[in-house]
Structures are given as C-alpha cells and as structure tokens.
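Peer 1: Shown below is the structure under consideration.
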Amino acid sequence: MFIPIGDDNRDRRSYPIITYFLIALNIIVFLLYQGCGTDYRFTYAYSMVPAEILSGKDIVTPSQVRIDPFTGLRVRIPGLQPTPIPVWLTILTSMFMHGGIAHLLGNMMYLYIFGDNLEDRMGKLRFILFYLLCGVCAALSHVFVSATLESGLLVPTLGASGAISGVLGGYLILFPHKLVRVLFIQFILAVPAGVVLMLWFLFQLINGLGYLGGGIEGGGVAYAAHIGGFVAGVVLVKVFTPERRYYYW
C-alpha cells in the first residue's frame, strides 16, 4: 500500500494558515484535554455516539469489566459519560479528538500533505467551511449505517479522518495529475494523485463492504465515515472553489 509523504507545492500561492491551525487544534485537544488519550471521561463525553444523534438524548452507561483473551487480565472499559453540550454538537467536537497517538499522527500527516493545496485554491473561509461540512457528512454517514445495520449504536466515534477524507476527495477532483511522493516498501515514488487517492478510496470501499455483514467497524475503523466524507468532498469541492478569471492582453 502507498503511504503518502509529500506532494508538489510549487504552484501554491498562499500560506496554509487554516490547515496548520486545524493541525495545531487537533494536537492541543489530544495533549491537553484528552490527556494524550488517557482522559476517558472527556473523550467519552465529547465523542459522537450514533444512538445519541438518532434520539437527540444524552446516554450514560456504566463501566464494564472484561477479560482480555490474550493476557487473561481484567480490563475496565469506561461507559459513556454525561455530555455537557447538546448531543448534536458532538458531531463537531468528535472531529477534533483521537483515540491514540498513531491515530492522531496518521490523520495529521494526510491533512498536512493534502490540505494546503485545497486551502490555496478555495481560500481560507471556504476551505474551513468545506472541511467542517465534509466532517458532518462523514459523521452522518456513519450514523446512517449504524442505524441501518443496528450495530455499534452505543460505540463512541471520534477522529478527524471523516473531514480529511473530504479533503482527499476534493484533492482528487482539483489536482488529479499532481505528483504525490509515496513510500512503497523501501522505495519513494512520485505517483499521480489520482492513482494514490483512488487506491485509497478503493481500500476503504472494500473494507467497508467486507464488514457489512458483521458490523460497521473493522479494527476500530469507521469505514462508512471515510467513504461518506470522501464522496462529500468529491461532490462539494466545486461549490467551494471559485472560478479562476483569466485576462487576455
């Protein structure tokens, strides 16, 4: 699988302040508010829970103790915590939290590589509105699949990957021929963005369809959110991208 590590920014005309702000905000929330992933009360209070979105009501559940099948140790799993804000707002708050350092770094790497070019083409305000709207569409896609399959309704969902998936979809439409540097085994290759992003989407689609019969998540990954965010980005990108004007002499 290709792992993107950079792209061609020679045609970028502006400093990507919104992209860097979003990256900084995600890092700050993870470090200060989530306690580097150890503050379960905060995380479980502000994550999006499909059942809460569907009912409009806050749901609190007790902690559970389970036996780890590999170590035999008793593991305490915290329950859903009281949410001090309207539950629908967790669609937004969950977009700025992560389940672990690898989850955070992976998402921020993708946002760093692909966000700046979209911001440059759209402009600051349009880009942040596009980013948030794609995140909302991704979250609602996850809720819809949860309700349809009646699975994972009480499982907290968090992460920026839904919104970033929208960024990838928009990048595919605007910059399909831009070269992206990818790590493939031990080689670094320059591959057209269209190839990289279509392979990424195909991976999400295959994995998402593979879990339809047994739940909405595979290995803790909400593929429905990735797919929904990506499709939203493809559909909405031109709406948020002003037409370039050309002057002839």
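Taken together, the values in this text are just the output of simple stated rules run on the coordinates, not laboratory data. It should be emphasised that the depicted structure is a prediction, and the values quoted were computed from it without experimental measurement. All Cβ positions, glycine included, derive from the backbone under ideal geometry; neighbour counts span all protein chains shown.
Peer 1: From the phi of every residue in the range 73-78, what ³J(HN,Hα) in whole Hz does the Karplus formula 6.51 cos²θ - 1.76 cosθ + 1.60 yield, where θ is phi - 60° and glycine or proline is x?
Peer 2: Rounded to whole hertz, the list is 7, 7, 10, 8, 9, x.
Peer 1: At 0.36 nm per residue, and after removing the present C-alpha to C-alpha distance, how many nm does the segment from ARG76 to TYR20 gain when stretched out fully?
Peer 2: Going from the current span to full extension adds 16.5 nm.
Peer 1: Just to be sure I understand, if you calculate percent of Cα pairs over 25 Å apart for this structure, which of (1) 48; (2) 42; (3) 45 do you get?
Peer 2: (3)
Peer 1: Using the count of nearby Cβ atoms within 10 Å as a rough guide to exposure, how do LEU104, LEU32, LEU118, LEU140 rank from fewest to most?
Peer 2: In increasing order of surrounding Cβ atoms, one gets LEU32, LEU140, LEU104, LEU118.
Peer 1: Longest exposed-loop-site-free stretch of the chain, with GluC sites (Glu not before Pro), DSSP loop and at most 15 other Cβ within 10 Å?
Peer 2: Result, exposed sites excluded: 1-149.
Peer 1: Once you have the Cα-Cα distance between LEU205 and ILE188, take 0.36 nm times their residue separation minus that, and quote the gain in nm to one decimal.
Peer 2: That pair, LEU205 and ILE188, stretches by 3.6 nm at full extension.
Peer 1: In terms of modelled amide H atoms, which long-range or inter-chain residues lie less than 5 Å from the amide H of SER151?
Peer 2: The answer is none.
Peer 1: Collect residues whose amide H, placed 1.01 Å from N in the peptide plane, falls under 5 Å from the amide H of MET48; neighbours closer than 5 in sequence don't count.
Peer 2: Long-range HN contacts for MET48: SER94, THR157.
Peer 1: Pull up the cross-link candidates among the lysines for LYS124, meaning alpha carbon to alpha carbon under 29 Å and not fewer than 8 places away within one chain.
Peer 2: Reachable lysines: LYS178, LYS238.
Peer 1: Then there's this: If you take the beta carbon distance between ARG12 and ASP39 as r and set R0 to 51 Å, what does 1/(1 + (r/R0)^6) give as a FRET efficiency, to the nearest 0.05?
Peer 2: 0.90
Peer 1: What ³J(HN,Hα) values, in whole Hz, does the Karplus curve 6.51 cos²θ - 1.76 cosθ + 1.60 give for the range 15-25 when θ = phi - 60°, with x put for Gly and Pro?
Peer 2: 7, x, 5, 5, 4, 5, 5, 4, 4, 4, 5
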